[in-house]
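The values are calculated or read from the model by the stated rules, or taken from the named source; none is laboratory data. Keep in mind that what you see is a predicted model, and the values were worked out from it rather than measured. Don't worry about glycine lacking a Cβ; one is built from the backbone with ideal geometry, like all the others, and counts go over all protein chains shown. Accessible surface is based on the protein model in full, side chains and every heavy atom, while ligands, DNA and RNA are left aside. Shrake-Rupley method; radii C 1.70, N 1.55, O 1.52, S 1.80 Å.
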Amino acid sequence: MEKAARPVLIVAACALVDADGRVLIAQRPQGKAMAGLWEFPGGKVEPGETPEETVVRELGEELGVETKTACLAPLTFASHAYEDFHLLMPLFVCRRFWGVPVPRESQALKWVRPQRLRDYPMPPADAPLIPFLIDLL
Ligand SMILES: Nc1nc2c([nH]c(=O)n2[C@H]2C[C@H](O)[C@@H](COP(=O)(O)OP(=O)(O)OP(=O)(O)O)O2)c(=O)[nH]1
């Protein structure tokens, strides 16, 4: 019998880039799925939101960073089958933002050169995104 189709979950994520060309990653807190893995800030696209609006909201909620949808450039996307859902995750790049990121949800934060991203365990969906950041930066 064919497997039941997984629901597609749309998550919008963002690579914040600093003046040195480093990218911000955040460690998923204990208690969440994939705890301890490093990810790009972002979250589920809520009904009525564009992916860009999701990123702007999540950067504010998770990091206290302000930006605008016009400051987000699409870079690539992840499409990955997890056990319970299929993740579709556009990845935006943002170089223009206001404020210094602070962990609002007790997550660890790190600015990392794209070439070093592989030193940080990330969710399996994220691995194919890294070469795009290396190329860009
Ligand atoms: N933000 C983000 N999520 C990612 C990345 N890679 C990846 O597989 N994901 C997955 C993890 C989660 O299943 C989903 C993001 O959902 P989320 O952050 O809104 O939700 P969550 O699992 O933290 O939990 P909750 O807010 O529902 O409590 O996408 C990534 O680089 N960034």
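As an equivalent ellipsoid, segment 19-97 spans semi-axes of 21, 16, 13 angstrom, where each value is the square root of five times an eigenvalue of the C-alpha gyration tensor, largest first. Just from its helices, what would the mean residue ellipticity at 222 nm be for the chain, if runs of 4 or more DSSP H residues each count -39500 (n - 2.57) and the sum is divided by every residue, rounded to the nearest 500 deg cm²/dmol? Counting only the DSSP helices, I get -3000 deg cm²/dmol.
Under the simplified labelling scheme, the residue 20-residue 53 pair shows an inter-label distance of 3.7 nm, with each label point 7 Å from Cα along Cα→Cβ. Residue 44: which aspartates and glutamates have alpha carbons under 18 Å from its alpha carbon, excluding same-chain residues fewer than 8 sequence positions away? Of all the aspartates and glutamates, those that pass the test against residue 44 - Cα under 18 Å, at least 8 places apart if same chain - are 52, 53, 58, 61, 62, 83, 84, 105, 126. What's the FRET efficiency of residue 100 with residue 9 using the Cβ-Cβ distance as r and R₀ = 30 Å, to the nearest 0.05? After rounding to 0.05, the efficiency reads 0.50.
Taking only alpha carbon atoms, the chain gives an Rg to Rh ratio of 0.96, where Rh is the Kirkwood radius.
Choose one answer from 52, 105, 62: the residue with the largest mean-square fluctuation in a GNM of the chain with alpha-carbon springs under 10 Å. Between 52, 105, 62, it is 105 that shows the largest mean-square fluctuation.
Taking 12, 26, 70 in turn, the Gaussian network model of the chain (Cα-Cα springs below 10 Å) assigns the largest fluctuation to 70. With only Cα atoms counted, segment 59-137 has Rg and Dmax values of 13.7, 37 Å. Determine which residues of segment 93-118 fall in the zone a paramagnetic label at residue 82 would reach in this model, i.e. backbone nitrogen under 19 Å from the point 7 Å along Cα→Cβ. Backbone N within reach: 105-108. The chymotrypsin sites (Phe, Trp or Tyr not before Pro) of segment 59-95 that meet both conditions, a loop assignment by DSSP and at most 15 other Cβ atoms within 10 Å of the site Cβ, are 82, 85. For the chain, the share of accessible area belonging to carbon and sulfur comes to 54 percent (1.4 Å probe, ligands and nucleic acids excluded).
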